[in-house]
Amino acid sequence: MRRFDREVFMKRALTGVFACVLAVSVTSALAQTKPPLKLGAILDMSGLYADITGPGSETAAKMAAEDFGGEVLGRKVEIVAADHLNKADLAASIARDMLDNQGVEALIDVAASATALAAGEIAKARNKIVIYNGPASIRLSNEACGPYTVHYAYDTFSQANVTGLATVKSGFDTWFFLTADYAFGQDLEKDTTNVVLKSGGKVLGSVKHPLNTSDFSSFLLQAQASKAKVIGLANAGGDTINAIKQAAEFGLTKSGQKLSPLLAFITDIDSVGLETAQGLLLAEAFYWDLNDDTRAFSKRFMERTKRMPSAAQAGIYSSVGHYLKAVKAAGTIDSAAVIKVMKETPINDMFAKNGRIREDGRMVHDMYLFEVKKPSESKGRWDDYKLLATIPGSEAFQSLELSRCPLVKK
């Protein structure tokens, strides 16, 4: 190549490189001038549901954003979390502030049912997407459903359907309920009662207890006096843990009565211990040791939090990833466009295989029936479950025909 040609070539090459660098710099500068895409999580960070949701859910959401690449449509993804202290009015106030003043674009969880119902109304009034992972009340995909609401991980119907049906089929056909006295507990008792009666069993009574009860003695005495074969625990978190521990102290299970926690998590079993929890039947939407995908995610989660993820925390990781993919595919953060893609796109990840979001907002996926291992069967901490059955989502969740969601066409 002649000297003149080489000089021309080098000048053109340098010009091209400079243009590329300039383009990248301009793109980067433009991205930095765009406001972040804020996603809000309203959680129980310090109360009886903190282990189920709380800081672990915030961590799971941040992991999902990081795994997606940290930004979408040139905007950095930012997770904003707040503690609702299990107060519905505070949850509504936080939701209002997030959506009106903090620039939050979507709510990715509102832990606990009463708080979710309150915050959900704020999101609906503003046409913002709200995804529920922590709360279980079936009202969220029934009467309280909306065009932009998604109920992702589990609900009272699926928990009752999976656990209640299996327990009655095993011959434990008379029930007495210990029920948390608010929306979630009432719905869980109602849904389980329907399953028990439909399966040929009987409900001998129930007693309601305040949220965050420390002393279950009077309630357990009533359950013991009922002579019911099963004491159904229509509560969650710290209430479930305390009820199981105190029932063991009362000798209820040794006398022949069986405890059935209707919404329990791996974190609850870890707190109770296998010596006390062994033999319990429970339904879960997720377990860390199901397959290679669940183990890989849970290992990374464990490295950050020093504990295994609950189903609610695994659900928030999955749902944040699904939301961000939909935003990218839609090319916009507009709620109508994003929710359309979310409902059209199957969910295949560590949480669900061929999951789908129905018109009522219910995300339908497989549920699992587990039995808690005996201490002698466990290989170590967190090795707590034996898988008894995998229940297809079409059987686990309420059918659209039974839905009370106004969006469902009959």
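The values are calculated or read from the model by the stated rules, or taken from the named source; none is laboratory data. For clarity, every value in this text was computed on a predicted model and none was experimentally measured. Neighbour counts run over all protein chains shown; Cβ positions are idealised from the backbone, glycine included. Areas reflect the complete protein model, heavy atoms only, side chains present, ligands, DNA and RNA absent. Shrake-Rupley method; radii C 1.70, N 1.55, O 1.52, S 1.80 Å.
Out of everything in segment 231-252 that is in contact (Cβ under 8 Å) with a residue 12 or more places away in the chain and open to solvent by 10 Å² or more (accessible area, probe 1.4 Å), what residue ends up being nearest to Asp51 (Cα to Cα)?
Gly238
From (1) without any contact (Cβ under 8 Å) to a residue 40 or more places away in the chain; (2) open to solvent by less than 20 Å² (accessible area, probe 1.4 Å); (3) over 19 Å from Asn133 (Cβ atoms), pick out the condition that doesn't hold for Gly355.
(3)
Do any residues in segment 218-230 that are surrounded by 17 or more Cβ atoms within 10 Å (Cβ to Cβ) have Cβ atoms under 7 Å from those of residues that are basic (Lys, Arg) and outside any loop (DSSP other than H, G, I, E, B), where the two are at least six apart or on different chains, and which pairs are they?
Here the result reads Lys229/Lys258; Val230/Lys258, each pair linking segment 218-230 to a residue that is basic (Lys, Arg) and outside any loop (DSSP other than H, G, I, E, B).
Do the conditions hold for Ser137, that is, is it under 23 Å from Lys87 (Cβ atoms), in contact (Cβ under 8 Å) with a residue 24 or more places away in the chain and open to solvent by less than 10 Å² (accessible area, probe 1.4 Å)?
Numbers: under 23 Å from Lys87 (Cβ atoms): yes; in contact (Cβ under 8 Å) with a residue 24 or more places away in the chain: yes; open to solvent by less than 10 Å² (accessible area, probe 1.4 Å): yes.
Yes.
Return the residue satisfying two criteria in turn: it lies in segment 167-187 and is in contact with a Gly (Cβ under 9 Å, 6 or more places away or on another chain) and among the hydrophobic types (A, V, I, L, M, F, W, C), and of such residues it is surrounded by the fewest Cβ atoms within 10 Å (Cβ to Cβ).
Here the residue is Phe172.
For Thr240, state whether it is closer than 21 Å to Tyr368 by Cα and touching a Leu at 6+ places or on another chain (Cβ under 6 Å). Can you show your working first?
Details: closer than 21 Å to Tyr368 by Cα: yes; touching a Leu at 6+ places or on another chain (Cβ under 6 Å): yes.
So Thr240 passes the test.
Among the residues of segment 188-217, count how many are on the phi > 0 side of the Ramachandran plot and either surrounded by 24 or more Cβ atoms within 10 Å (Cβ to Cβ) or touching a residue at least 60 places away in the same chain (Cβ under 8 Å) (or both).
The qualifying residues number 1.
Only residues in segment 76-99 that are over 23 Å from Ile333 (Cβ atoms) count as the first member; pair them with residues that are open to solvent by 40 Å² or more (accessible area, probe 1.4 Å) and aliphatic (A, V, I, L, M), Cβ under 6 angstrom, at least 6 apart or cross-chain, and list the lot.
Asp83/Met45; His84/Leu90
Restricting attention to segment 267-274, does a residue exist that is β-branched (Val, Ile, Thr), part of a helix (DSSP H, G or I) and open to solvent by 50 Å² or more (accessible area, probe 1.4 Å)? Walk me through how you get there before you give the answer.
Looking only at segment 267-274, we keep the residues that are β-branched (Val, Ile, Thr), and these are 267, 269, 272.
Add one more test, that the residue is part of a helix (DSSP H, G or I), and what stays is 267, 269, 272.
After this cut, where a residue has to be open to solvent by 50 Å² or more (accessible area, probe 1.4 Å) as well, the list is none.
Within segment 267-274, none of the residues are β-branched (Val, Ile, Thr), part of a helix (DSSP H, G or I) and open to solvent by 50 Å² or more (accessible area, probe 1.4 Å).
How many residues, within segment 146-161, are open to solvent by 10 Å² or more (accessible area, probe 1.4 Å) and either farther than 24 Å from Val196 by Cα or within 17 Å of the chain's Cα centre (by Cα) (or both)? Spell out how you get there, then give the answer.
At the first step, the residues of segment 146-161 found to be open to solvent by 10 Å² or more (accessible area, probe 1.4 Å) are 147-148, 157, 161.
Remaining after also requiring either farther than 24 Å from Val196 by Cα or within 17 Å of the chain's Cα centre (by Cα) (or both): 147-148, 157.
Within segment 146-161, residues that are open to solvent by 10 Å² or more (accessible area, probe 1.4 Å) and either farther than 24 Å from Val196 by Cα or within 17 Å of the chain's Cα centre (by Cα) (or both) number 3.
For the list (1) at negative phi; (2) open to solvent by 10 Å² or more (accessible area, probe 1.4 Å), I need the number of the one condition that Lys306 fails.
(1)
Any residue that is small (Gly, Ala, Ser), surrounded by fewer than 18 Cβ atoms within 10 Å (Cβ to Cβ) and in a loop (DSSP other than H, G, I, E, B) - is there at least one of those in segment 358-378?
Yes, that holds for at least one residue.
Every residue in segment 379-409 that is within 20 Å of Ser310 (Cβ to Cβ) and assigned to a loop (DSSP other than H, G, I, E, B), please.
Gly380, Arg381, Trp382, Asp383, Asp384, Phe397
Hey, Val341 hits all of (1) under 30 Å from Ser170 (Cα atoms); (2) open to solvent by 20 Å² or more (accessible area, probe 1.4 Å) but one; which does it fall short on?
Of everything listed in (1) under 30 Å from Ser170 (Cα atoms); (2) open to solvent by 20 Å² or more (accessible area, probe 1.4 Å), Val341 misses just condition (1).
Considering segment 57-72 alone, what residues qualify as being open to solvent by less than 10 Å² (accessible area, probe 1.4 Å) and within 13 Å of the chain's Cα centre (by Cα)?
Correct list: Ser57, Ala60, Ala61.
Of the residues Ser217, Ser206, Ser255, Ser271, which is modelled with pLDDT of 95 or more and over 29 Å from the mean Cα position of the chain (by Cα)?
Matching residue, one of Ser217, Ser206, Ser255, Ser271: Ser217.
Kindly evaluate Thr149 against the criterion of being touching a residue at least 40 places away in the same chain (Cβ under 8 Å), of a type in the set (Ser, Thr, Tyr), in contact with a Gly (Cβ under 9 Å, 6 or more places away or on another chain) and more than 30 Å from Glu344 (Cβ to Cβ).
no
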